[in-house]
Every structure is written in C-alpha cells, then in structure tokens.
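**Q** Before anything else, here's the structure in question.
Values in this text are rule-based calculations from the coordinates and carry no lab data. As the structure is a prediction and not an experimental result, all values here were calculated from the model. Please note: Cβ atoms are built from the backbone with ideal geometry, for glycine as well, and neighbour counts cover all protein chains shown.
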Amino acid sequence: MDKKIYQIQGHEIYQTELTIGQDEELLQLSEKVGDEFQKVNFKKDGFRAIIRFLIRTGLIEKVLKVVLRGDVDKINIKDITNSELEVIVTDFLAFNAGFVERLKLWSRNLAKQVKEIALQTK
C-alpha cells in the first residue's frame, strides 16, 4: 500500500488509502452533522468546500486524527499550516477517490433507515 509521508512539527505523520475501520469512524462523524453533510458539493467545489465544511462543523481535528497515522498525538492539529492542510486533503482525495460521495450515500441511507424504524415503533 502506498503512503504519503509528512514532516509536521518535527514528527513523521503519514496517510494511506482508508481502511474499513477508518471508513466506520468517518461515517460516525458524518452522522453527527446530519443534513449539512448532504448539502455540500465536494466534487464540484473540491478542497475549499471540504475545508469550509470541516471548520464550520467543528470536525477538522477529529477527521485529521482519523485520516492521519504516525505520531499524530504528538502534534497540535490547530498548528498545521494551510499549505500543509491543502497537501493532506489533496492526498486524501487522491488515495480515496469517490469516498466522500460514497460516504454521503451511506449517511443518507442510514438516516432514511433510522427514520423508517422510528415510524414503525410509533
């Protein structure tokens, strides 16, 4: 598996294609923001839409801790520079083409199932 290595704040951090465990963690995070996640056109707006969404929803640190590997606990996520963040997000999209759209679909389907179950229990 290929990996992209970064030197951030003196620590080696890396990312690879997402694992099933990371998929699950990101799905759980997406469920916390509900409909707002469905409204963002990540494919069209790309990097800027992703960053705005993550900052607006307060998920940027949590998502980076899921996506990045290595000495992540030794760095201050808030001190990652904008240029470092742009490289990380660009690499994420290259490693995981189509993942964001699949995540939106999974999130939408899960929300629909939860609503159906809630209606059945009334």
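**Q** Using a basic spin-label model with each label point 7 Å from the Cα along Cα→Cβ, how many nm lie between Asp23 and Asn76?
**A** Taking the simple label geometry, Asp23 and Asn76 are separated by 3.7 nm.
**Q** Order the peptides 72-83, 12-23 from the highest to the lowest mean number of other Cβ atoms within 10 Å of their residues.
**A** Details: 72-83: 12.0, 12-23: 14.7.
Top to bottom by mean Cβ count within 10 Å: 12-23, 72-83.
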